[in-house]
Amino acid sequence: MKRALLRLAKACGLFALSRWLTRRDLRILCYHGIWLGPGQFGDFLYMSADKFRERVRFLEQAPYPVVTLDAAVAGLADGSLPDAATVITIDDGWYGTQAHMVPALAKAGLPATLYSTTYYAETQQPVFHMIVRYMLSVAPAAEVDLSALGPPFAGTVDLAAPGARGGLGAQVIGHGERELDRAGRTDLARRLGELIGVDFATLDAGRVFHMMTLDELRAAPGQGIDVQLHTHRHHFPSGESTPAAFDTLRDLGIASVTTTEQGLVRAGANVYALPRLLDGESVDLVEFEAELSGFGDLVRRLRP
């Protein structure tokens with residue numbers, strides 16, 4: 001129903017009108033990674049390579065000029081932004097970004113900013129909490145003996161029981177983060193995969209849950225990708241922020257900060273809390289265009 005209404009709104013010219021009404025507002029697109037494993041996982045965390053290439057083709061042809069983040073921040077300050085200026089940002093720095101997003105953007109000549117979280121870029125081990133959650137999400141429903149993982153795990157758990165997978169995931173992740181070093185966490189993930197019947201080795205070899213290497217990050221600017229900071233360990237939950245940090249960011253010389261708040265950026269916006277437009281695998285092209293045109297933002301502004 002929502003998509004049908006959006007198609008009707010577009011056919012009636014409301015997307016074009018919205019683009020004109022919001023032409024001085026900045027659009028900042030937010031992406032994360034490309035899914036490299038079987039099926040699809042993550043939605044707003046991982047997008048399929050085909051869908052991302054579809055987005056790139058749209059941006060090549062549509063009247064939304066893609067500019068660098070630096071140019072966008074400067075243009076917000078002095079009013080020099082082109083109409084419907086758009087920035088592409090990519091969070092985290094997953095290997096899937098290197099394998100699919102960077103080449104697609106480079107081929108199209110579209111610049112982007114990549115926010116890299118550096119711990120796993122340095123260690124080149126799978127992101128522990130993500131691979132644990134994924135393996136449990138796809139594991140066959142069965143009763144497993146946790147003692148095979150070694151202390152402190154004991155007893156059995158039926159993966160078919162409601163909440164069992166999430167509970168076991170929290171237990172494994174909590175123990176790994178509190179008690180083990182990085183090698184120990186990877187070994188625990190490997191043993192969990194063996195226990196629940198998921199091929200950890202293939203996920204590891206395919207870099208499905210790896211970050212880009214430091215050398216890959218160093219090479220990215222040569223392909224039009226501006227690499228910026230995203231903290232070392234990404235301990236903050238997505239979307240969490242505090243105004244108390246603004247002065248510290250300013251003192252450190254940080255020029256801008258983007259958030260996961262949904263919306264367009266208007267003139268005079270706080271450069272340390274810039275909203276973005278989140279894109280994901282479940283987002284249809286008409287929904288994407290509704291947000292990019294400003295139609296979605298205008299509807300949100302009109303809500304009581």
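The values are calculated or read from the model by the stated rules, or taken from the named source; none is laboratory data. Please read these numbers as outputs of a predicted model, since none were measured by experiment. Neighbour counts are summed over all protein chains in view; Cβ atoms, including those assigned to glycine, are modelled from backbone coordinates with ideal geometry.
Numbers below:
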item	result
Residue in the stretch 195-202 that is outside the structural domain of H32 (by TED's automatic domain parsing), surrounded by 15 or more Cβ atoms within 10 Å (Cβ to Cβ) and either modelled with pLDDT under 95 or assigned to a loop (DSSP other than H, G, I, E, B) (or both) present	yes
Residue that is surrounded by the fewest Cβ atoms within 10 Å (Cβ to Cβ), among those in the stretch 3-27 that are in contact (Cβ under 8 Å) with a residue 12 or more places away in the chain and not in a helix (DSSP H, G or I)	R23
Matching option when the condition is in contact with a Phe, Trp or Tyr (Cβ under 8 Å, 6 or more places away or on another chain), outside the structural domain of V138 (by TED's automatic domain parsing), of a type in the set (A, V, I, L, M, F, W, C) and closer than 28 Å to A273 by Cβ, among F15, F41	F15
Residue ranges of helices (runs of 4 or more DSSP H) in the stretch 61-175 with at least 2 members of a type in the set (F, W, Y) and modelled with pLDDT of 95 or more	128-138
Matching option when the condition is of a type in the set (K, R), exposed (fewer than 14 other Cβ atoms within 10 Å of the Cβ) and within 19 Å of E122 (Cβ to Cβ), among R178, R207, R185, R233	R233
